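For reference, the structure is listed below as structure tokens.
The values are calculated or read from the model by the stated rules, or taken from the named source; none is laboratory data. All figures in this text were calculated on a predicted structure; none of them were measured in a lab. Cβ placement follows ideal geometry from the backbone for every residue including glycine, while neighbour counts extend to all protein chains displayed. In case anyone asks, the SASA skips ligands and DNA or RNA and just uses the protein heavy atoms, side chains included. Shrake-Rupley method; radii C 1.70, N 1.55, O 1.52, S 1.80 Å.
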Amino acid sequence: MPLCQGGPAFNYGMDAPLRVDELVQKIIDLSDYPHLEPVVERRELQEIPDQYLSSDKAVKVLGWKPMYTLEEGLSQTLEWYREFFSEFPDAVA
């Protein structure tokens, strides 16, 4: 008997398309390094031009809704990393 049986898959997100460069800029703006400039290598020809996750199924089936805005979630994630790496300074090269 298998230890785990499969079930439906769900996507979770803000349901608002966001380009990668926009997401990167949000992270930079919230970081301790707002002066950083991303390096864009223009490899987009190898990527799917438009894609984003829809959480419609999770909303309908599970009654799910986001508890945080994207900015709040990114801020909390960055704070977690700050705390983690302050405890393990040798982990950052």
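So, in segment 59-70, of the ones that are open to solvent by 100 Å² or more (accessible area, probe 1.4 Å) and in contact with a helix residue (DSSP H, G or I) (Cβ under 9 Å, 6 or more places away or on another chain), which residue ends up nearest to Tyr12 (Cα to Cα)?
Result: Lys65.
Kindly indicate which of Asp50, Asp90, Asp56, Asp32 is among the acidic types (Asp, Glu) and surrounded by 10 or more Cβ atoms within 10 Å (Cβ to Cβ).
After applying the criteria, what remains is Asp56.
Examine segment 27-39 for a residue that is among the hydroxyl-bearing types (Ser, Thr, Tyr) and touching a residue at least 24 places away in the same chain (Cβ under 8 Å), and state whether such a residue exists.
At the first step, the residues of segment 27-39 found to be among the hydroxyl-bearing types (Ser, Thr, Tyr) are 31, 33.
This time we only want the ones that are touching a residue at least 24 places away in the same chain (Cβ under 8 Å), so: 31.
Checking segment 27-39: at least one residue is among the hydroxyl-bearing types (Ser, Thr, Tyr) and touching a residue at least 24 places away in the same chain (Cβ under 8 Å).
Please go through segment 1-31 and give me each residue that is modelled with pLDDT of 90 or more, part of a loop (DSSP other than H, G, I, E, B) and more than 25 Å from Ala58 (Cα to Cα), ordered by number.
Passing the criteria: only Ser31.
So, in segment 35-47, of the ones that are open to solvent by 100 Å² or more (accessible area, probe 1.4 Å) and among the aliphatic types (A, V, I, L, M), which residue ends up nearest to Asn11 (Cα to Cα)? Give the steps one after another, and end with the answer.
Filtering segment 35-47 for residues open to solvent by 100 Å² or more (accessible area, probe 1.4 Å) gives 35, 37, 39, 41-43, 45-47.
Of the ones still in play, those that are also among the aliphatic types (A, V, I, L, M) are 39, 45.
Numbers: Val39: 29, Leu45: 25 Å.
Within segment 35-47, the match that is nearest to Asn11 (Cα to Cα) is Leu45.
Glu83 - would you say it is of a type in the set (Asp, Glu), free of Cβ contacts under 8 Å to residues at least 24 places away in the same chain and assigned to a helix (DSSP H, G or I)? Full working, then the answer.
Values: of a type in the set (Asp, Glu): yes; free of Cβ contacts under 8 Å to residues at least 24 places away in the same chain: yes; assigned to a helix (DSSP H, G or I): yes.
Yes; evaluated as a whole, the condition is true for this residue.
Take the conditions open to solvent by less than 80 Å² (accessible area, probe 1.4 Å) and at positive phi and apply them to Gly73. Does it pass?
In short, no.
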